[in-house]
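Here's the structure we're looking at; comments come further down.
The values are calculated or read from the model by the stated rules, or taken from the named source; none is laboratory data. No experiment lies behind these values; they were computed from the predicted model shown. Cβ placement follows ideal geometry from the backbone for every residue including glycine, while neighbour counts extend to all protein chains displayed. Side chains included, ligands, DNA and RNA excluded: accessible areas come from the protein's heavy atoms. Shrake-Rupley method; radii C 1.70, N 1.55, O 1.52, S 1.80 Å.
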Amino acid sequence: MNEAELIRLAREARERAYAPYSRFKVGSALLDAEGRAHLGCNVENAAYGPTNCAERTALFRAIADGAAPRSFRALAVIGDTEAPIAPCGVCRQVMAELCAPDMPVYMANLRGEVAVRTVAELLPGAFTPKDLDGGKQS
Ligand code: THU
């Protein structure tokens, strides 16, 4: 699956967003090592805080579906933004935990613009599992 196909799946997932408070729909698609795409959308909450972004929905869903952490090939995210959408800080931290540092993240908008950054570029100097226990975990 190529970049354009992954972004198209993210765009489809965006239609499933539950965003009655912000009215801002976001979609995501995460490509795993077997070539499967795990889709996510943002899911909001009346208490606001429990809101889950599209990227984390896709990442958590992939883990729950049995995909191996740090085996993913690419993540696409799309929203109706002027410039390609920028993932929030919490999602960047979750990417740093579950994805390889060199994994590409395709950030898109509905106009067809796309920016690409690696996970490490999105969160330089991230705190990751290797920082725990003096580097004994991985
Ligand atoms: N949101 C995402 O799902 N991903 C992003 O990259 C940016 C923000 C969601 C969270 C919330 O439901 C809405 O967009 C407005 O912040």
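Spacing of the modelled spin labels on THR128 and ALA115, each 7 Å from Cα toward Cβ, amounts to 2.2 nm. Along the chain, the exposed loop sites are GluC sites (Glu not before Pro) outside DSSP states H, G, I, E and B with at most 11 other Cβ atoms within 10 Å, and the longest stretch free of them is 83-138. Between 0 and 90 degrees, the angle of helix 89-98 with respect to the longest Cα principal axis of the chain falls at about 50 degrees. Solvent-accessible area assigned to carbon and sulfur over the range 50-138 amounts to 54 percent, based on a 1.4 Å probe.
Applying the criteria of a DSSP loop state and at most 13 other Cβ atoms within 10 Å to the trypsin sites (Lys or Arg not before Pro) of the range 1-68 yields ARG23, ARG36. Each Lys or Arg adds one and each Asp or Glu subtracts one; over the other residues with Cβ under 14 Å from the Cβ of ARG70, this totals -1. Counting charges near LYS25 (Lys, Arg +1; Asp, Glu -1) among other residues having Cβ under 14 Å from its Cβ returns a value of -1. Using alpha carbons only, how many degrees (0 to 90, rounded to 10) separate the axis of helix 3-14 from the longest principal axis of the chain? Once rounded, the angle reads 60 degrees. When nucleic acids and ligands are ignored and a 1.4 Å probe is applied, PHE72 ends up with an accessible area of around 10 Å². The calculated FRET efficiency for ARG61 paired with GLU5, based on their beta-carbon distance and R0 = 22 Å, is about 0.75.
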